[in-house]
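The block underneath contains the structure these notes are about, expressed in structure tokens.
The values are calculated or read from the model by the stated rules, or taken from the named source; none is laboratory data. In this text, all values refer to a predicted model and were calculated from it rather than measured experimentally. FYI the Cβ positions are ideal-geometry reconstructions off the backbone, even for glycines, and counts take in every protein chain you see. Calculation scope for accessible area: heavy atoms of the full protein, side chains included, ligands and nucleic acids excluded. Shrake-Rupley method; radii C 1.70, N 1.55, O 1.52, S 1.80 Å.
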Amino acid sequence: MTAKLLDGKALAGRIEDSLRDEVATFSRMAGRVPRLVVVLVGEMAASASYVKSKASAAARVGIEAEVVRVPATADTEALVELVGALARDEQGPADGILVQLPLPGHVDTQRVLDAVPADRDVDGFHPENAGLLSQGRPRFVPCTAAGVQRMLIDAGVETAGKHAVIIGRSDIVGKPLALLLASRGTGGDATVTICHSRSENLAAICRQADILVAAVGKPGLVTADMVKPGAAVIDVGINRIADAAAKGGSRLVGDVDFAPVAEVAGAISPVPGGVGPLTVAMLLANTLLAAELRLGQGQR
Ligand code: NAD
């Protein structure tokens, strides 16, 4: 492998180290620790595992994380009501409220997400936070997008004037990342192209990228012939594929055909151990920010 490995796990560890100090300072001033409430609906194994890693990362930096488990049969009304009750701090101060996605098919996800008040929306999905980001005055930035930008900055990957191609246009990853990379300042000032399922000539567009981000959810989508020599390749995808040799008969891979691409790219993030841990670290940072904003408004 010739590419530099972008070790998200190590970077997340360094971010946690500095957050731990900031959390301690907040807790001294506020007389309580920051608190994150995660709503977990149903029994999906992947969601349960993400929530578990969020809660243990929170504990490592001194943030209290409470997981509210709800049966998969809960309907939209019940979930909207639950989020409302959390927002009224009926179960203790909820600085950050996060609804783990995906929700069961019968639930109106948008209505549930819209019930999370903008100033506690640590996932950054509320229209007010999306609007602030698009106006270049970010408050809560979606965690994965923030993590990718942080990874590029930390690795010293130049973004100013460079062509960043993002594959995927979701509200959670692709769109906010495009806004971040195109915004003014450190980790920004890039020329950004967003590709998606209807894009023609995907390979040719990707080959123009100095920075190529794959956020699709299709293993092996990005092959070595789609990568410009020396480009930074960030793999956001998380896919579980069958592998008889792996423990449990399956393993996680990203959207990038890792080994061949690592021979062409200048830098590459692995899956697992790349963007995933940074997403969690950014969630912790957003939770601290939510607690600080609340304290600043005179609320305990
Ligand atoms: P999504 O399903 O909302 O969006 C996928 C996007 O890919 C869509 O915009 C679609 O147009 C595009 N797409 C689909 N097929 C395509 C193709 N053949 N060519 C080009 N574009 C195509 O997904 P999402 O929520 O944005 O997540 C994307 C991936 O990132 C998933 O694998 C998800 O598990 C992963 N993810 C990882 C993290 C993390 O922390 N690492 C966080 C969020 C999502």
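Points worth noting:
- Members of region 156-191 that are open to solvent by 60 Å² or more (accessible area, probe 1.4 Å), part of a loop (DSSP other than H, G, I, E, B), within 15 Å of the ligand (Cβ to nearest atom) and touching a Leu at 6+ places or on another chain (Cβ under 9 Å): 172
- Residue match in region 266-277 (condition: away from the ligand (no atom under 16 Å from the Cβ) and not acidic (Asp, Glu)): yes
- Residues being within 15 Å of the ligand (Cβ to nearest atom), in contact (Cβ under 8 Å) with a residue 40 or more places away in the chain and either of a type in the set (Gly, Ala, Ser) or not in a loop (DSSP other than H, G, I, E, B) (or both) - total across region 220-262: 7
- Positions within region 67-100 being open to solvent by 10 Å² or more (accessible area, probe 1.4 Å), touching a residue at least 12 places away in the same chain (Cβ under 8 Å) and either closer than 20 Å to residue 125 by Cβ or in contact with a Cys (Cβ under 7 Å, 6 or more places away or on another chain) (or both), in sequence order: 67, 68, 70, 74, 76, 80, 82, 84, 87, 100
- Residues in region 205-219 that are closer than 13 Å to residue 163 by Cβ and not in a loop (DSSP other than H, G, I, E, B) were compared, and the one that is farthest from the ligand (Cβ to nearest atom) is 211.
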